[in-house]
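The values are calculated or read from the model by the stated rules, or taken from the named source; none is laboratory data. The structure displayed is predicted, hence computed values, not measured ones. So basically every Cβ, Gly included, is an ideal-geometry build from the backbone, and we count neighbours across all protein chains shown.
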């Protein structure tokens, strides 16, 4: 192994250490990339590379997708659309055992089609679903576990910031990634519902706080006095879903039907969300301004990371480390399956102490060399990478979704440990779905 | 406190400038939203896109991001995993603050690098009238947005250095009033 490859390896390890020690991720990536490039080609060209890649890497129409989808997600989060979804799903599932838990999962899945982050899903549904589930006789652990678990759908079901970032790093179509994620995302939601059903049947003590609990959905709405006709009742269920339906149709339908590029879908979706919020009188100009302000901050922090990722991947290429490792992997006789298992295990392991975005930024530029070497379908590779990375949202010590639930709930009687324990069944479900999508690549190709 | 007074004024200016840049960036996002929707509307109703929207959107992102960078840093929103650092700040406050100072200083130096090497890029773009787009159809000079990049990076550098200085003060046992010192 040559000198340059050692430098490359040192930079990766250094990155992991610095990020863990609390340095800003973008700063750590830039620092070590600058160092690595300087060691290979000298400081003057390294500096020029850093400056020009920071500018050129973001001067593209494609990047418009980031602020627009962030804006749409934030607008939807400040309206009561999530609440309507939860209510409607609860009504539909009220006769099912564990139905309220499933309602949370399904409401989250649909909500995820309007937002791109799991943090938004986790905080919105902590406020909506946890009190209601507890009121209806579910254990606190189960309630917070369902919310934390199903929040991961936020970044799996498109639009999703993680897919945008993956698309940028891997230089593949974000629209195609979005469409490829629909079926695995739906599959994940189904797996979560099945998990709840199994828990309710075999571990009722985990789900229900007392023997009488049946886990049906709110019964309040049954007592409307007179008995409305079936059509009226159907309309009552469907009506609150119309605004969300419009948003999902505009975004996913627009991209899938080829009417919109992802950037355009984000723009139209964000505007539609604002109009819906205004019509429902849930948005004031002040609220809109604050949401746009927040959009700017999220955009700046993500694009700053992407700038850093750009120079990092150039550093990797210059170091020649991927080629060295490729040779090594061929010599070791580790085939495609061996590589995949190692790679996914590494992502899950890193996920226990790093956040999803940094894992993608540090590992993917590097793993892509192997994926292309093995002639893999990069879209499928993206889908499994993101599922694997998202598993880390639920694992201790640093499961971000669990911490968001804890922070939003802000109750002394609910410890972070309760949330980790409660979301453990969903962690298992995620591993199963990951294995399935990894074993059957065509799952992510169904709609393409 | 003489030191605090000496410190407060430049920090106040920096704060003022970053807030102003932040306002511009926020308004710019609204413009971006309107531009894209007009473009989509025009494409689907009139049958042709609005000339120049694609180029303008591409250029906008760099502008928005660099205008927002300093304020995002100030409000502590740049992504980092702070579990170790927070624990350090609780148990060994001085070491925690010293680490924080080093991290912010590093950020400041990197930003200085970007500013230093971005200035020639911006001046060359101005002197040679670089543009994006298709000549004869629509072109947009790149120097304005490159100047915004230099300005934003410079402000971010200053913000990093201010944060580094205030953490360093704390590491040495001098705790300035938290809000003002940022």
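Structure values in brief
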{"quantity": "Residue pairs meeting the criteria (Cβ under 8 Å; at least 6 apart or on separate chains; first under 11 Å from residue A:370 (Cα atoms), in region A:324-338; second outside any helix (DSSP H, G or I) and at pLDDT 80 or above)", "calculated": "A:336/A:374; A:336/A:376"}
{"quantity": "Count of residues meeting criterion [more than 7 Å from every other protein chain (Cβ to nearest Cβ) and either within 22 Å of residue B:154 (Cα to Cα) or crowded, with 20+ Cβ neighbours inside 10 Å (or both)] in region B:72-93", "calculated": "4"}
{"quantity": "Those residues of region B:56-70 which are more than 7 Å from chain A (Cβ to nearest Cβ) and under 15 Å from residue B:151 (Cβ atoms), in sequence order", "calculated": "B:63, B:66, B:67, B:70"}
{"quantity": "Candidate set: region B:38-55, residues that are surrounded by fewer than 17 Cβ atoms within 10 Å (Cβ to Cβ) and not in a loop (DSSP other than H, G, I, E, B); chosen: the one farthest from the other protein chains (Cβ to nearest Cβ)", "calculated": "B:46"}
{"quantity": "Selected residue (criterion: farthest from residue A:53 (Cα to Cα)) from residues of region B:116-132 that are part of a helix (DSSP H, G or I) and at the interface with chain A (Cβ under 8 Å from one of its Cβ atoms)", "calculated": "B:116"}
{"quantity": "Residue match in region A:47-61 (condition: surrounded by 18 or more Cβ atoms within 10 Å (Cβ to Cβ), closer than 25 Å to residue B:104 by Cβ, more than 13 Å from every other protein chain (Cβ to nearest Cβ) and at pLDDT below 90)", "calculated": "no"}
{"quantity": "Selection count where residues are surrounded by fewer than 24 Cβ atoms within 10 Å (Cβ to Cβ), more than 9 Å from chain B (Cβ to nearest Cβ) and under 29 Å from residue A:25 (Cβ atoms), scope region A:256-289", "calculated": "1"}
{"quantity": "Which numbered condition residue A:64 misses (of (1) modelled with pLDDT under 90; (2) within 12 Å of chain B (Cβ to nearest Cβ); (3) in contact with a helix residue (DSSP H, G or I) (Cβ under 6 Å, 6 or more places away or on another chain); (4) closer than 19 Å to residue A:364 by Cα)", "calculated": "(4)"}
{"quantity": "Verdict on residue B:19 being over 23 Å from residue B:102 (Cα atoms), more than 7 Å from chain A (Cβ to nearest Cβ) and within 14 Å of the chain's Cα centre (by Cα)", "calculated": "yes"}
{"quantity": "Region B:100-114: number of residues that are under 18 Å from residue A:47 (Cβ atoms) and surrounded by 19 or more Cβ atoms within 10 Å (Cβ to Cβ)", "calculated": "7"}
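Residues checked against (1) away from every other protein chain (no Cβ under 14 Å); (2) in contact with a strand residue (DSSP E or B) (Cβ under 6 Å, 6 or more places away or on another chain); (3) at pLDDT below 90; (4) part of a helix (DSSP H, G or I):
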residue	(1), (2), (3), (4)
A:291	no, no, no, yes
A:305	no, no, yes, yes
A:309	no, no, yes, yes
A:314	yes, no, yes, yes
A:318	yes, no, yes, yes
A:324	yes, no, yes, yes
A:327	yes, no, yes, yes
A:334	yes, no, yes, no
A:343	yes, no, no, yes
